[in-house]
Amino acid sequence: MTKFAARIGRTELAATFATAARARALRAEGHDVISLSLGEPDFPTPGHVVQAAHEAALRGETRYPPLGGTEALRNAVAEKFHREHGVKIRPADVLVTNGGKQAIFNVLMSLTEAGDEVIIPAPAWAGYEQTVNFAGAKPVFVPCPQADGFMLRPEALERAITPRTRLLLLNYPNNPSGAACTEAQLKALAEVLRANPHVWALSDDIYEHLLFDQRKHATLLGVAPDLADRVVTMSGVSKTYAMTGWRVGWCFGPAELIKACTVVQATATSGVSSVGQAAALAALTGPQDFLAERAAAYQARRDLVVAALNQVPGLSCHQPEGAFYVFPGISGCLGKTTPGGRKLHTDVDFAMALLEEAHTGVVQGSAFAMPGHIRISTATSEPVLAQACARIAEFSAALR
């Protein structure tokens with residue numbers, strides 16, 4: 001039997017992929033399946049972005065790209081952050097990555113090793129735990145329950161820090177809860193970091209423009225520029241501009257860390273598609289007015305789903321401040337039995353029974369380090385979401 005590296009054994013594929021695969025299989029069998037498992041915008045990539053990529057290809061921008069990213073795109077990222085948060089970034093300290101996920105990978109592979117601890121507020125995107133494990137470090141989850149609005153409290157962060165703590169991962173707006181930090185909340189977390197100078201922070205801002213109710217995005221470096229020597233910020237075009245398949249992200253931070261991240265990227269993938277970078281440049285420097293329109297559409301979807309699910313006995317749904325997910329608690333449904341005879345002991349049981357019996361795909365909260373919940377992606381149309389909510393309500397009402 002083939003023996004693989006230990007890192008393979010401690011890393012699992014995300015549950016979102018498994019749920020989506022099962023939904024596809026049920027569709028292939030002829031079932032009418034609604035899959036709300038993947039976090040992918042249903043809007044098209046803006047036309048001017050596609051056109052920019054086409055023109056770049058016609059100009060011959062199809063050769064090996066610069067390892068750290070094109071000068072134009074790095075400048076655009078730096079200018080964007082200064083415009084939105086008032087903090088100047090050197091373009092030389094920006095690294096363009098193959099999607100936001102590689103930015104996270106680069107940072108973890110550069111900063112952590114065996115014995116290091118990485119603090120992850122929960123609920124959390126499953127990719128964090130995967131990558132921390134892959135790097136050989138230890139994930140330390142800090143529960144942020146629905147009663148706290150799924151927000152990390154400063155006192156909880158302080159309790160979690162040990163001499164082995166190397167990095168704090170922050171993701172607001174959050175996947176899967178949709179929780180978004182205010183400036184005041186981030187400033188309180190920054191105070192804890194100031195008192196613990198051995199701890200770095202990675203701010204994952206991938207949902208930065210998907211905010212509701214006139215909220216403005218707050219990011220750690222923006223509220224605490226004095227921590228710039230140990231804060232790295234990452235984002236990308238995937239969520240904001242509906243460009244998930246273009247695979248363009250970025251990170252920026254202290255020069256020495258970005259240099260280390262560049263070494264990791266050079267070893268793993270090298271530079272990012274030159275055509276994709278041309279598209280990302282057009283996204284950042286072109287018209288931005290449609291972003292508010294899309295955020296308003298996501299807000300309307302949020303309102304529809306939260307209102308519908310809070311009418312379902314056994315469910316409790318917090319109203320997200322951003323992103324395109326809702327994360328209802330399902331504790332009132334556990335311990336019951338479905339019409340198909342399945343006993344619902346856990347959120348995994350609930351999610352699988354909902355898919356198999358009501359043909360509606362969601363992801364169990366335990367995949368995000370918070371059992372007793374399910375994640376529902378609202379990145380689809382209101383009619384589809386209304387139908388999905390009706391199925392969830394019917395399924396829950398039939399439990400005994």
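The values are calculated or read from the model by the stated rules, or taken from the named source; none is laboratory data. Treat the numbers as computed from the prediction; the structure is a model and nothing was measured. Because the Cβ atoms are built from the backbone with ideal geometry, glycine has one as well, and the counts that use them run over all protein chains shown. Note: areas computed on protein heavy atoms with side chains; ligands, DNA, RNA excluded. Shrake-Rupley method; radii C 1.70, N 1.55, O 1.52, S 1.80 Å.
A compact table of results
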read-out	value
Number of positions in segment 22-44 that are surrounded by 13 or more Cβ atoms within 10 Å (Cβ to Cβ), more than 22 Å from Ile206 (Cβ to Cβ) and hydrophobic (A, V, I, L, M, F, W, C)	4
Residue match in segment 270-291 (condition: free of Cβ contacts under 8 Å to residues at least 60 places away in the same chain, open to solvent by 30 Å² or more (accessible area, probe 1.4 Å) and under 22 Å from Thr45 (Cα atoms))	yes
Filter pass, Phe368 being over 30 Å from Asp205 (Cβ atoms) and out of contact with any Gly (no Cβ under 7 Å at 6 or more places or on another chain)	no
Lone unmet requirement of (1) within 26 Å of Ser110 (Cα to Cα); (2) crowded, with 19+ Cβ neighbours inside 10 Å; (3) out of contact with any Leu (no Cβ under 6 Å at 6 or more places or on another chain) for Arg164	(2)
Boolean, Gly47 is out of contact with any helix residue (DSSP H, G or I) (no Cβ under 7 Å at 6 or more places or on another chain) and open to solvent by 30 Å² or more (accessible area, probe 1.4 Å)	yes
Matching option when the condition is in contact with a Ser or Thr (Cβ under 6 Å, 6 or more places away or on another chain) and open to solvent by 30 Å² or more (accessible area, probe 1.4 Å), among His209, His198	His209
Single residue of Lys88, Lys3 found to be among the basic types (Lys, Arg), exposed (fewer than 13 other Cβ atoms within 10 Å of the Cβ) and modelled with pLDDT under 90	Lys3
Pair list, Cβ under 6 Å, 6 or more apart: segment 229-253 residue in a strand (DSSP E or B), other residue among the aromatic types (Phe, Trp, Tyr) and crowded, with 24+ Cβ neighbours inside 10 Å	Thr233/Phe252
